[in-house]
Amino acid sequence: MGQDQTKQQIEKGLQLYQSNQTEKALQVWMRVLEKSSDLVGRFRVLGCLVTAHSEMGRYKEMLKFAVVQIDTARELEDADFLLESYLNLARSNEKLCEFHKTISYCKTCLGLPGTRAGAQLGGQVSLSMGNAFLGLSLFQKALESFEKALRYAHNNDDTMLECRVCCSLGSFYAQVKDYEKALFFPCKAAELVNDYGKGWSLKYRAMSQYHMAVAYRLLGHLGSAMECCEESMKIALQHGDRPLQALCLLCFADIHRSRGDLELSQLKLHCLSEGICRSKGLQRELRAHVVRFHECVEETELYCGLCGESIGEKNSRLQALPCSHIFHLRCLQNNGTRSCPNCRRSSMKPGFV
């Protein structure tokens, strides 16, 4: 199969995929992979297979094709192809919750010199790294990475990237229990979809609606949460997006149980254990859980540098500074200083997030 025929078959697969004929699209792309001798065409079709398996929730298959793609990029000896393939490898490991590997591959991407695609893909690399840090509960580093991704999006007028970053920031603030910001950022993503997303995949609308549903649920606005979740599920069903379907089902369950809280698992475990031990008079065990709770707070840097209270125990308004340190908004307003209390940087102007 020559270069022109390879391009035609890749395009045919894309048309089938966009019309929700996913299995037929996969068959077309697999035939290209088996028969084409064009390395660039093989690289492109492997990218299509990575994306398709990601959206279907077949993450092990996604990783398999990402590994083949990076071997193809090495044969091509092109830095741009190598950057793209390492990013797909990072995303694959992110989906499989191999967060340390994700961060390692992202750092490899950022260390590749002289790539034309660097400006375009650099923001996506930072976003993937931020998602991995968030998965590891490394909130300070996650916020720094999201802010870098947002800068890339603003500097390059990349509204699709901005939309994805806003959704990730919604997840971030839901975890640290600033529910107003947890709603603000996916609402911003939804605005971007409405203003610029006519040619985008519907997955961007579905993604923003899901994150809005989560935030509305946490704020106790269950009617709005249900409406957004239903919209997201409808699109996920139309496009066979099984990971998003699963998330929507979980959100539906939480809405129906009227649970308006989302605790960080480690902190909640020790909080609950502390209460049980206190009620039973188990002093030694109580002390152990109190110590471990504060150790968790220290490890995740999840506390206000002004009042010392942990962040994430209750809904409260937060403010991130340009250095990505987080404080209670009320503490900053009452503090009066012009430098960050943690790192002493001079500007107190709020950052992007």
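Quick note: the coordinates plus some simple rules give every number you see, no bench work behind them. Quantities reported herein were computed from a predicted structural model and do not represent experimental measurements. For neighbour counting, all protein chains shown are included, and Cβ atoms are generated from backbone atoms with ideal geometry for every residue, glycine included.
Key figures for this structure:
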quantity: Given K101/K234; K177/K198; K177/K234; K101/K198; K7/K234; K35/K234, the pairs whose alpha carbons are separated by over 30 Å; calculated: K101/K234; K177/K198; K101/K198; K7/K234; K35/K234
quantity: Projected label distance in nm at K64 and N335, using a 7 Å step from Cα toward the beta-carbon; calculated: 5.2 nm
quantity: Residues M30 and R257, FRET efficiency given R0 of 51 Å [Cβ-Cβ distance, rounded to 0.05]; calculated: 0.75
quantity: Contact order normalised by residue count of region 62-147, Cα under 8 Å, 6+ apart, percent; calculated: 25 percent
quantity: Charge dipole (region 60-104, unit charges on Cβ, about Cα centre) - positive-most of Y86, V68, C97; calculated: C97
quantity: Estimated inter-spin distance, L237 and N156, nm [label 7 Å along Cα→Cβ]; calculated: 3.7 nm
quantity: Cα gyration tensor, region 91-224 - rounded (a/c under 1.5), prolate or oblate; calculated: oblate
quantity: Rg ratio (alpha-carbon, reference 2.2 N^0.38 Å) - region 1-154; calculated: 1.07
quantity: Inter-probe distance in nm under a simple model that places probes 7 Å from Cα toward Cβ, at Q5 and L250; calculated: 4.6 nm
quantity: Relative packing of peptides 143-153, 59-69 - highest average C-beta neighbours within 10 Å first; calculated: 143-153, 59-69
quantity: Theoretical gain in end-to-end length, V291 to L39 [0.36 nm per residue, Cα-Cα removed]; calculated: 85.0 nm
quantity: Sum of side-chain charges, F43 neighbourhood, beta-carbon under 13 Å (Lys, Arg +1; Asp, Glu -1); calculated: -3
quantity: Stretch gain in nm, segment L76-E309, where the contour uses 0.36 nm per residue and the Cα spacing is subtracted; calculated: 78.5 nm
quantity: Total formal charge among the other residues, if their Cβ is under 13 angstrom from that of A206, Lys/Arg +1 and Asp/Glu -1; calculated: +1
quantity: Burial ranking of peptide ranges 304-310, 183-189 (average Cβ count within 10 Å, highest at the top); calculated: 183-189, 304-310
